[in-house]
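Participant: One structure, pasted below without further comment.
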Amino acid sequence: MKLRINIDISVGRVVKYFVLVDLLLLAGWGLVDPIFSVFIVQKIPGAGLVTVGIAAGLYWLIKSFVQLPAAKYLDRTPGEKDDFYLLILGLIIVSFAAFSLTLVGAVWQLYLVQIFKAVGFGFYAASWPAIFSRHLDKEKVSFDWALDSTAAGLAAGASGFVGGVLASIFGFGTVFFIGSIFSLSSAILLLAVPDLVLPQPNRGTPVIKDHTPVNIGQ
């Protein structure tokens, strides 16, 4: 009995870059999230378990309210330029939020950072899947999504372990700063290849066009 496993991991250009974006972003926040509650309790004066709960609730509530109108706006606007710009903005905001944690010294500052983080991830949640889903490989739809999920899971898992080690050796600030760099790198990666969506100066149309199926949702 022979068992043969042959997995073709070749994917389209947009899928490849967007998987890398997800990997960098979630690797960065994978460093931060596992130690976040410990940071709040140990390093912020007057903070406790209730503060942790409020910070988490604030993030999820605001993100939920932000991403729906953002997605509605993107759906109403033709083309993918708006998706691209909103994605870049979201990545920059979450990078700023991670860096801002190095400066937090009071509960109200923590809540403010959570608001920024929620807005950034709300923009990201509305724009990243919009572009990614339009450019899935025709014969590898499930594989493309699974590849992204696998890359994100591996990045978050590895960085979660590394984040705890770094925090114990160098402190929370170092971890937050590195997380910010990873998040910013995801935006820089897309800005380095804007022709994924945006037209080049000497060309009239984007390299990769918006090709959302006309019968989607039917």
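Participant: Sort out which residues of the stretch 64-86 are among the charged types (D, E, K, R) and under 20 Å from SER186 (Cα atoms), and write them in order of number. Break it down into steps so the answer makes sense when it comes.
Facilitator: Step one: filter the stretch 64-86 for residues among the charged types (D, E, K, R), giving 72, 75-76, 80-83.
GLU80, LYS81, ASP82, ASP83, listed by residue number.
Participant: Please enumerate the residues belonging to the stretch 131-155 that are of a type in the set (Lys, Arg) and either surrounded by 13 or more Cβ atoms within 10 Å (Cβ to Cβ) or within 18 Å of the chain's Cα centre (by Cα) (or both).
Facilitator: Looking only at the stretch 131-155, we keep the residues that are of a type in the set (Lys, Arg), and these are 134, 138, 140.
Within the stretch 131-155, ARG134, LYS140 meet the criteria.
Participant: Shifting gears a bit: Is there a residue being of a type outside the set (Val, Ile, Thr) and closer than 21 Å to ILE131 by Cα anywhere in the stretch 48-63? Talk me through it step by step, then tell me what you get.
Facilitator: Taking the stretch 48-63 and keeping what is of a type outside the set (Val, Ile, Thr), we get 48-49, 53, 55-61, 63.
Filter once more, so that each one left must be closer than 21 Å to ILE131 by Cα: 63.
Taking every residue of the stretch 48-63 in turn, at least one turns out to be of a type outside the set (Val, Ile, Thr) and closer than 21 Å to ILE131 by Cα.
Participant: Based on this model, can you work out whether GLY157 counts as modelled with pLDDT under 90 and at positive phi?
Facilitator: Working: modelled with pLDDT under 90: yes; at positive phi: no.
No: the conditions fail for GLY157.
Participant: Please enumerate the residues belonging to the stretch 45-64 that are assigned to a helix (DSSP H, G or I), among the hydrophobic types (A, V, I, L, M, F, W, C) and in contact (Cβ under 8 Å) with a residue 60 or more places away in the chain.
Facilitator: Initially, the stretch 45-64 is screened for residues assigned to a helix (DSSP H, G or I), giving 49-64.
Applying the additional criterion that residues be among the hydrophobic types (A, V, I, L, M, F, W, C) yields 49-50, 52, 54-56, 58, 60-62.
LEU58, ILE62 - these are the residues of the stretch 45-64 that are assigned to a helix (DSSP H, G or I), among the hydrophobic types (A, V, I, L, M, F, W, C) and in contact (Cβ under 8 Å) with a residue 60 or more places away in the chain.
Participant: Name the helices (runs of 4 or more DSSP H) wholly inside the stretch 78-179 in which the number of residues that are in contact with a Pro (Cβ under 9 Å, 6 or more places away or on another chain) and farther than 17 Å from PRO34 by Cα is 2 or more.
Facilitator: Result: 81-100, 107-134.
Participant: A further question follows. Scan LEU20, LEU87, LEU25, LEU74 and give me the residue that is over 27 Å from THR174 (Cβ atoms), buried (at least 16 other Cβ atoms within 10 Å of the Cβ) and within 15 Å of the chain's Cα centre (by Cα). I'd like the intermediate steps shown before the answer.
Facilitator: Working: LEU20 fails: over 27 Å from THR174 (Cβ atoms); LEU25 fails: over 27 Å from THR174 (Cβ atoms); LEU74 fails: within 15 Å of the chain's Cα centre (by Cα).
Answer to the selection: LEU87.
The values are calculated or read from the model by the stated rules, or taken from the named source; none is laboratory data. Since we're looking at a predicted model, the values are computed, not measured. Positions of Cβ are backbone-derived with ideal geometry, glycine not excepted, and every protein chain shown enters the neighbour counts.
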